[in-house]
Amino acid sequence: MTSGEIHGPHWTGEHNYEYFKNENGVYHISAKALRIVWGNDPRFWEWIKLSKDESCFEIGAELIQVNWMEVTGSLNLEKFQLDPLKTYEIFYVIKFNADAFGWRSSPITFEVSTPEGKKSRNERYLEYYTKENKNWNEIYGGEFSLASSNLMGKIEFGMKEVKTEWWKGGIVLEGVKIRPKLLIANHN
């Protein structure tokens, strides 16, 4: 039984470890491991095959159209050992199709929370990235650091736009990257 057969129109995420990879301290999380509201309804989202050159998972979630966009995920700290002395950043790996629409109408909210209750939130318009169609974009979703005494629990993160009724579509979500923060960072 798949995630879709159990939970109706919402994709609840596959949590087996084939959808999580650690490459040299950069954690890759496939779109398949994320919770996507309306992700099981082909009127709104479709699962598409990606080439090995595009994705270490070879699958992505293509947003056809939706007016309630909510994608969330988590990283289990007991299974993936992060360095408590480092600050980490989260990036959403997204490609905008040539026909992408609705990304200038309202900002997308990005949220991150840690097991000890630290939360960060930022909003950004994604219209700029529509000019970069055919290219994969790493869109900054926030950052976090951990208390060295609490390396249990989960880092939770999400991107959403649920305040308006503006329709948006035309993107492919490959997944999420979590990596140590570089000293010099510029997040457009």
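For region 5-24, check the following and say yes or no: at least one residue is open to solvent by 50 Å² or more (accessible area, probe 1.4 Å), closer than 19 Å to Asn97 by Cβ and either without any contact (Cβ under 8 Å) to a residue 24 or more places away in the chain or outside any helix (DSSP H, G or I) (or both). No, there is no match, as no residue in region 5-24 is open to solvent by 50 Å² or more (accessible area, probe 1.4 Å), closer than 19 Å to Asn97 by Cβ and either without any contact (Cβ under 8 Å) to a residue 24 or more places away in the chain or outside any helix (DSSP H, G or I) (or both).
Total residues in region 109-168 satisfying the condition of being among the charged types (D, E, K, R) and not in a loop (DSSP other than H, G, I, E, B): the figure is 13. The set of residues from region 91-112 being within 26 Å of Phe57 (Cα to Cα), surrounded by fewer than 21 Cβ atoms within 10 Å (Cβ to Cβ) and charged (D, E, K, R) comprises Asp99, Glu111. Looking at Pro115, Pro84, which is the one that is surrounded by 15 or more Cβ atoms within 10 Å (Cβ to Cβ), at pLDDT below 95 and more than 16 Å from the chain's Cα centre (by Cα)? Checking each option against the conditions leaves just Pro115. Would you please name the residue that is modelled with the highest pLDDT, looking only at residues in region 169-187 that are open to solvent by less than 100 Å² (accessible area, probe 1.4 Å), part of a loop (DSSP other than H, G, I, E, B) and not aliphatic (A, V, I, L, M)? My answer is Lys181.
The residue pairs whose first member lies in region 87-108 and is under 24 Å from Arg179 (Cα atoms), whose second member is of a type in the set (D, E, K, R) and open to solvent by less than 20 Å² (accessible area, probe 1.4 Å), and whose beta carbons are closer than 6 Å, counting only pairs six or more residues apart or on different chains, are Val93/Glu174; Ile108/Glu161.
If I ask for residues that are open to solvent by 10 Å² or more (accessible area, probe 1.4 Å), more than 15 Å from Phe91 (Cβ to Cβ) and among the hydrophobic types (A, V, I, L, M, F, W, C), which ones from region 51-69 would you list?
Listed by number, the residues that qualify are Phe57, Ile59, Ile64, Trp68.
Checked against the criterion of being over 12 Å from the mean Cα position of the chain (by Cα), under 28 Å from Pro84 (Cα atoms) and open to solvent by 50 Å² or more (accessible area, probe 1.4 Å), the candidates Glu156, Glu123, Glu165, Glu127 yield just one match: Glu123.
The values are calculated or read from the model by the stated rules, or taken from the named source; none is laboratory data. Quick caveat: nothing in here was measured; it's all calculated off a predicted structure. Please note: Cβ atoms are built from the backbone with ideal geometry, for glycine as well, and neighbour counts cover all protein chains shown. Quick note on the areas: whole protein, heavy atoms, side chains included, nothing else; ligands and nucleic acids left out. Shrake-Rupley method; radii C 1.70, N 1.55, O 1.52, S 1.80 Å.
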